[in-house]
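Since the structure comes first, as structure tokens, the remarks are kept for the end.
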Amino acid sequence: MTNFSNFYQQIATNRLSHWLNTLPAQLDHWQKNELHGEFKHWQKTLEALPNGQSNNVDLTTSVTVGSKGDLNPGEEKRLENLMKKFKPWRKGPYHIHGLHIDTEWRSDFKWDRLAEHIGDLSGKYVLDIGCGSGYHLWRMRGAGAKFVVGVDPTQLFLMQFNAVQHFIQDKAVNLLPLGVEQLPELKSFDTVFAMGVLYHRRSPIDFLYQLKSQLVKGGELVLETLIVDGDENTVLVPGERYAKMRNVWFLPSAKAMCAWLERCGFSNIRVVNTDITALDEQRKTEWIDTESLSDFLDPEDNSKTIEGYPAPQRAIFIANA
């Protein structure tokens, strides 16, 4: 079973101690009632990973542990075979003792787009909502964050994170299998990231209030989401699917997104980047075995999704609570 006792011990002596009023009961319920059918198999795979903690860890320009040659050839092959049991790998990439986990998304591209615009993370408490396997958690730590927490209810992502953590072993970086709606009003994080989540929420305004309730006064929100062109009243509400995704509810224009943030009480709101999702940023690799962006676009016109909507365009917003 997944053990969260180290996390409890850490927050017992820091500014998140009040979370202990609710968190242990939530995670105990999760352990007893909500485990995925493959969870035990994933746990056995995790336990079979070769020993490979290294003092050579780079979280500043990539997520890299050690180098090729640290493991013998048999261990290298075993590492690759075991890590592939955690497919699909969506966010990354990771480099572990010479193994390149070439994830579907080049999440480092997104980090490069936002890193120069966010506040200094040195010594900060940081929360990442919908963090996936945790790639950006490691980059936040590499940028100097003191304590990093990611939440994502997808259990495979937790196992992928634990697989990487097996080699890095940094207690200041943690991932919890929770959704944002399960978080109390912690009001404790200096920076909250929410990237690629808002359009999956049926109530985006409630979601923005949930994000705000995690921040200290004046804390920084970094939000990245799909947008469409238009004025402050433009919002696309797709039909059953958008780019083959069923759970896409609202795609606002950048101006509409800024209006939503203002309505929720955020200040100093700015759009720091807009970008059309490129085929070299989201693509098929041997680490996913599923469709990717090229399959979601109109083969005759890549400016449209397969359903005829505008192709994915993303924007990064920064605001203060």
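The values are calculated or read from the model by the stated rules, or taken from the named source; none is laboratory data. Bear in mind the structure is a predicted one, so any value in this text is a computation, not a measurement. Quick reminder, even Gly has a Cβ in these numbers, built from the backbone with ideal geometry, and neighbours come from all protein chains shown. For accessibility, only protein heavy atoms count, side chains too; no ligands or nucleic acids. Shrake-Rupley method; radii C 1.70, N 1.55, O 1.52, S 1.80 Å.
What do you get for trypsin sites (Lys or Arg not before Pro) in region 162-247 restricted to DSSP loop and a cutoff of at most 15 other Cβ within 10 Å of the site's Cβ? Filter output for region 162-247: Lys171, Lys187, Arg202, Arg241, Lys244, Arg246. Take every Cα pair under 8 Å whose residues are at least 6 apart in sequence, average their separation, divide by the length of region 1-142, and the relative contact order is 19 percent.
Over what distance in Å are the Cα centres of region 28-76 and region 105-136 separated? If we compute the Cα centre of each part, the gap is 21 Å. Taking a ≥ b ≥ c as the square roots of the Cα gyration tensor eigenvalues, with a/c under 1.5 meaning rounded and otherwise prolate when a/b beats b/c, else oblate, which class fits region 272-321? In terms of gyration-tensor shape, oblate.
Gain on full extension, evaluated as 0.36 nm per residue between Glu181 and Thr22 minus their Cα-Cα distance, stands at 55.9 nm.
Tell me which GluC sites (Glu not before Pro) from region 71-127 have a DSSP coil assignment and no more than 13 other beta carbons within 10 Å of their own.
Working: sites: Glu75, Glu76, Glu80, Glu104, Glu116; in loops: Glu104, Glu116.
Sparse-neighbourhood loop GluC sites (Glu not before Pro): Glu116.
Among Leu175, Gln160, Ala278, pick out the residue whose Cα is farthest towards the positive end of the charge dipole of the chain, where Lys and Arg carry +1 and Asp and Glu carry -1 on C-beta, about the Cα centre. So the residue furthest toward the plus end is Leu175. With 19 Å as the limit, the listed pairs Lys85/Lys244; Lys40/Lys87; Lys91/Lys304; Lys44/Lys77 have Lys85/Lys244; Lys91/Lys304 beyond it between alpha carbons.
Region 219-321: which GluC sites (Glu not before Pro) are DSSP loop and have at most 16 other beta-carbon atoms within 10 angstrom? Numbers along the way, then the final one.
On the way: sites: Glu220, Glu224, Glu232, Glu240, Glu262, Glu281, Glu286, Glu291, Glu300, Glu307; in loops: Glu232, Glu240, Glu281, Glu286, Glu291, Glu300, Glu307.
Here the GluC sites (Glu not before Pro) that fit, given the DSSP loop and packing criteria, are Glu232, Glu240, Glu286, Glu291, Glu300, Glu307.
When the solvent-accessible area of region 1-156 is split by element, carbon and sulfur atoms take up 47 percent of it, the probe being 1.4 Å.
Checking the a/c ratio against 1.5 first, then a/b against b/c, what shape does the Cα gyration tensor give for region 1-138? Don't skip to the end; give the middle numbers.
Numbers: a/c = 1.77, a/b = 1.16, b/c = 1.52.
It is oblate, given that a/c is not under 1.5 and a/b is not larger than b/c.
When a/c is below 1.5 the answer is rounded, else prolate if a/b is larger than b/c, else oblate, so apply that to region 3-74 with a ≥ b ≥ c taken from the square roots of the Cα gyration tensor eigenvalues. Oblate, because a/c is 1.5 or more while a/b does not exceed b/c.
Provide the per residue accessible area, probe 1.4 Å, for the chain, rounded to a whole number of square angstrom. Please report the intermediate quantities before stating the final value.
On the way: 14170 Å² over 321 residues.
That works out to 44 Å² per residue.
Placing a label point 7 Å from the Cα of Glu34 along the Cα-to-Cβ direction, the residues of region 130-171 whose backbone N falls under 15 Å of that point are 130-132, 150-159.
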